[in-house]
Amino acid sequence: MVGIDLGTTNSLVAHFENGSPVVLANESGETLTPSAVAIAEDGTVLVGRAARDRLVAAPDSGRAFFKRDMGTTTTYKFGGRTWTPVECSALVLREMKRLAELRLGKPVDSAVITVPAYFLDQQRQATVEAAQIAGLKVDRLLNEPTAAALAYGYRNDAEINTLLVFDLGGGTFDVTLLESFEGVVEVKASSGESRLGGEDYTEALMEALIRKHNWKPEPAQRIRFREQIEKVKRALTTEASTQITMGDKEVEVTRKDFGEATHELTLRLRPVVRRCLRDAQLTAKQLDGVLLVGGASRMPVIGAVLLDELDIEPNRSLDPDRVVALGAAVQQALCVRDEAVRDLVLTDVCPHSLGVEISKMMSNQVDNGYFSPIIDRNTTVPVSRSQTYNTLHPTQDEILLKVYQGESRMVTENQKIGEVRVTGLRHFPGQKHPGVVDVRFSYDMNGILEVEITILSSGQKVAQVFEQRPGTMNKADIADAIARLRPLKLHPRDFPPNRALLERAGRLWSDLKGVDREVLTMLIDKFERALASQLPEQIHSTAAELTEFVRPYFPQEEE
Ligand code: AMP
């Protein structure tokens, strides 16, 4: 069993061993696997770095950032077929499984997988399906900020600590408040935005520069420009200004330019922090610390916003890229009751209000579409709550109960999870509870909902686990997907790190000239011959030589 951080930009796998969590590295020593999938020219499926590199050269050959589309019916076309976000995620998870098996030297068939606290039910379900396709049973879906808190908090057994976890990843933003006390980590509240992250900052800076300089890049130029912008953004985390090429112009970009271009995005951060404090009934003064999670939390503006809003310097002692995976591994230790975490207890909350649609009788007129919450957001889970409802008409025989999640008074603005039909409510003389049903919602630690309805007059129960939720797959679909993604027999050439190295070397080859190009040709040929021989030692030594040559050309992308 392992803990997996299935991120928007990168994914990581970690394992709990000898009393602490460790992030596992692949054959090239890398711990961050880009969450990207692409098809190589020869039709091979590329995952991770090889895929990301290929996408730079051939943007239509694959896909990245599919986590944002999880739980939707979006599909992508590349490599001559259609892909779903679930299938793309499954390939990344399968690579995580392979990496863990390689490092641990034994089969890995289950995992704790982290998801943004703000992930809706469909998105969680889609994540479970991706894991199934990858051959992993999900022991627990763990909210990312909760994972982060576990990574920081699992040793913290001293005093009571009230912590705010600020998690700004590539595509999502979550704020969580938790209290840890003698090994009990209790999530008090969590709020966020599922479509705000570092990638939006990149896009905003890119658009602002293109507008300011009135530049009209070709699509291919645009993609390369975006890569550069990503580097500029990171550079501005440590420097006050930097340079970028736009067409044939060299342009200076300052932190101030970046700040102005992304002002609107930064404005969206504070209300989420405030709402979370309000839900937990805490004030900033009661906080003992702020933890930063997610690569984009490194941006200086984040520290500034938090200092201004909460008057606290955030804690940066753990690497924001790894902390979620580390926490997933702590949760894994909890699941298998590892001795080192014997005294640790974790409680979490459900991030959305859950309820049903009701109609109201207003001066003899029926008004539809109201949301009646049964479980309020930020209630500690697992939780089971029930509420009774009456039929509108005395002779009504049937109810179609529609289940929603969200925070709006009207259901149209909330997200529908599913519906349950209940029949057999008819009146008969002497009936004690005509047309009254009890609706019980049970929400578990994985964030999955079960609904049970009891007709009070007869005691008859209708229980529904939403197996066919919108955008989800049934068992046959999953079996199909597994068959479709079943690996061709893996030749060493097709191991993702080897593919990645070849892709990268190929990219570099196009950039080089003269002697350098010749040396690179020689190294690639040697590596190719070693791969063809399938001899591990030769592959290892030639890969090391090639890596040493290639690495200095990609300094920004190294960890
Ligand atoms: P995650 O999903 O947590 O891996 O977050 C990745 C996001 O963090 C991407 O949008 C990156 O551009 C961003 N990021 C990573 N490192 C930095 C940095 N040093 N400065 C600014 N943004 C960063």
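Step by step: first the residues of segment 230-246, then only those that are more than 7 Å from the ligand (Cβ to nearest atom) and of a type in the set (S, T, N, Q), then the one that is surrounded by the fewest Cβ atoms within 10 Å (Cβ to Cβ). Which residue is that?
The residue in question is Thr238.
Given the criteria surrounded by fewer than 24 Cβ atoms within 10 Å (Cβ to Cβ) and over 14 Å from the mean Cα position of the chain (by Cα), does Val45 qualify?
For Val45, the condition - surrounded by fewer than 24 Cβ atoms within 10 Å (Cβ to Cβ) and over 14 Å from the mean Cα position of the chain (by Cα) - is met.
Just need a number here: residues in segment 300-312 that are in contact with a strand residue (DSSP E or B) (Cβ under 8 Å, 6 or more places away or on another chain) and either among the charged types (D, E, K, R) or outside any helix (DSSP H, G or I) (or both).
Selection size over segment 300-312: 1.
Within segment 27-57, count every residue that is out of contact with any strand residue (DSSP E or B) (no Cβ under 8 Å at 6 or more places or on another chain), within 24 Å of Ile4 (Cα to Cα) and touching a residue at least 12 places away in the same chain (Cβ under 8 Å).
Total meeting the criteria: 4.
Rundown of residues vs (1) modelled with pLDDT of 85 or more; (2) touching a helix residue (DSSP H, G or I) at 6+ places or on another chain (Cβ under 9 Å), yes/no style:
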residue: Arg124; (1), (2): yes, no
residue: Ile133; (1), (2): yes, yes
residue: Ala149; (1), (2): no, yes
residue: Phe166; (1), (2): yes, yes
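On the basis of being within 26 Å of Ser110 (Cβ to Cβ), at pLDDT 90 or above, more than 16 Å from the ligand (Cβ to nearest atom) and of a type outside the set (D, E, K, R), does Val13 make the cut?
So Val13 fails the test.
Pick from Leu318, Leu326: which is within 16 Å of the ligand (Cβ to nearest atom), assigned by TED's automatic domain parsing to the domain that holds Phe16 and outside any helix (DSSP H, G or I)?
Criteria check complete, one pass: Leu318.
What single numbered condition from (1) touching a residue at least 12 places away in the same chain (Cβ under 8 Å); (2) on the phi < 0 side of the Ramachandran plot fails to hold for Gly247?
Single failed check for Gly247: (2).
May I ask you to list the residues in segment 177-220 that are within 16 Å of the ligand (Cβ to nearest atom) and at pLDDT below 90?
Within segment 177-220, Gly192, Glu193, Ser194, Arg195 qualify.
Just to be sure, is Val253 assigned to a strand (DSSP E or B), outside the structural domain of Asp321 (by TED's automatic domain parsing) and more than 22 Å from Cys350 (Cβ to Cβ)?
The answer is yes for Val253.
State yes or no: is Leu265 under 23 Å from the mean Cα position of the chain (by Cα), part of a helix (DSSP H, G or I) and touching a residue at least 24 places away in the same chain (Cβ under 8 Å)?
When the stated conditions are applied, Leu265 passes them.
Quick check, is Thr8 farther than 21 Å from Ile539 by Cα and touching a residue at least 24 places away in the same chain (Cβ under 8 Å)?
yes
Counting only residues that are loosely packed, with under 14 Cβ neighbours inside 10 Å and within 26 Å of the chain's Cα centre (by Cα), which one in segment 184-223 is nearest to Gly406 (Cα to Cα)?
Arg195
Tell me which strands (runs of 3 or more DSSP E) are completely within segment 61-165 and hold 1 or more residues being free of Cβ contacts under 8 Å to residues at least 12 places away in the same chain and surrounded by fewer than 24 Cβ atoms within 10 Å (Cβ to Cβ), or say none if there are none.
Ranges flagged: 76-78, 81-83.
Determine whether Ala117 is among the small types (Gly, Ala, Ser) and either in contact with a strand residue (DSSP E or B) (Cβ under 6 Å, 6 or more places away or on another chain) or modelled with pLDDT of 95 or more (or both).
yes
Yes or no: Ala36 among the small types (Gly, Ala, Ser) and more than 16 Å from the ligand (Cβ to nearest atom)?
Against the criterion (among the small types (Gly, Ala, Ser) and more than 16 Å from the ligand (Cβ to nearest atom)), Ala36 does not qualify.
Is it true that some residue in segment 62-72 is out of contact with any helix residue (DSSP H, G or I) (no Cβ under 7 Å at 6 or more places or on another chain), more than 16 Å from the ligand (Cβ to nearest atom) and farther than 22 Å from Arg140 by Cα?
Checking segment 62-72: not a single residue is out of contact with any helix residue (DSSP H, G or I) (no Cβ under 7 Å at 6 or more places or on another chain), more than 16 Å from the ligand (Cβ to nearest atom) and farther than 22 Å from Arg140 by Cα.
Go through Ile455, Ile417 for me and flag whichever is within 28 Å of His352 (Cβ to Cβ) and in contact with a helix residue (DSSP H, G or I) (Cβ under 8 Å, 6 or more places away or on another chain).
None of the others qualify; the one that does is Ile417.
Let me spell it out: the conditions are (1) crowded, with 18+ Cβ neighbours inside 10 Å; (2) within 16 Å of the ligand (Cβ to nearest atom), and Leu310 meets all of them except one. Which number is the exception?
Answer for Leu310: the failing condition is (2).
Among the residues of segment 285-299 satisfying the criterion of being surrounded by 20 or more Cβ atoms within 10 Å (Cβ to Cβ) and in a strand (DSSP E or B), which is farthest from the ligand (Cβ to nearest atom)?
Within segment 285-299, the first condition is being surrounded by 20 or more Cβ atoms within 10 Å (Cβ to Cβ), and the residues that meet it are 290-297, 299.
From what is left, the residues that are in a strand (DSSP E or B) are 290-293.
Details: Val290: 17, Leu291: 13, Leu292: 10, Val293: 7 Å.
Once the filter is applied, the top-ranked residue is Val290.
Go through segment 233-242 residue by residue and tally those that are assigned to a strand (DSSP E or B) and over 19 Å from Ala204 (Cβ atoms).
Counting residues in segment 233-242 that are assigned to a strand (DSSP E or B) and over 19 Å from Ala204 (Cβ atoms) gives 0.
Gly170 fails exactly one of the following numbered conditions: (1) away from the ligand (no atom under 12 Å from the Cβ); (2) at pLDDT below 95; (3) not in a strand (DSSP E or B). What is the number of that condition?
(1)
Report yes if some residue within segment 392-403 is surrounded by fewer than 18 Cβ atoms within 10 Å (Cβ to Cβ) and of a type in the set (Val, Ile, Thr); otherwise report no.
Looking through segment 392-403, at least one residue is surrounded by fewer than 18 Cβ atoms within 10 Å (Cβ to Cβ) and of a type in the set (Val, Ile, Thr).
Which ones in segment 330-373 are surrounded by fewer than 17 Cβ atoms within 10 Å (Cβ to Cβ), modelled with pLDDT under 75 and among the β-branched types (Val, Ile, Thr)?
Val345, Thr347, listed by residue number.
Does Asp200 satisfy the condition of being in a strand (DSSP E or B) and either in contact with a Cys (Cβ under 8 Å, 6 or more places away or on another chain) or not hydrophobic (A, V, I, L, M, F, W, C) (or both)?
So Asp200 does not fit the description; no.
The values are calculated or read from the model by the stated rules, or taken from the named source; none is laboratory data. This one's a predicted model, so the numbers in the text were calculated from it and none came from an experiment. When we count neighbours, we look across all protein chains shown, and the Cβ atoms used for this are built from the backbone with ideal geometry, even at glycine.
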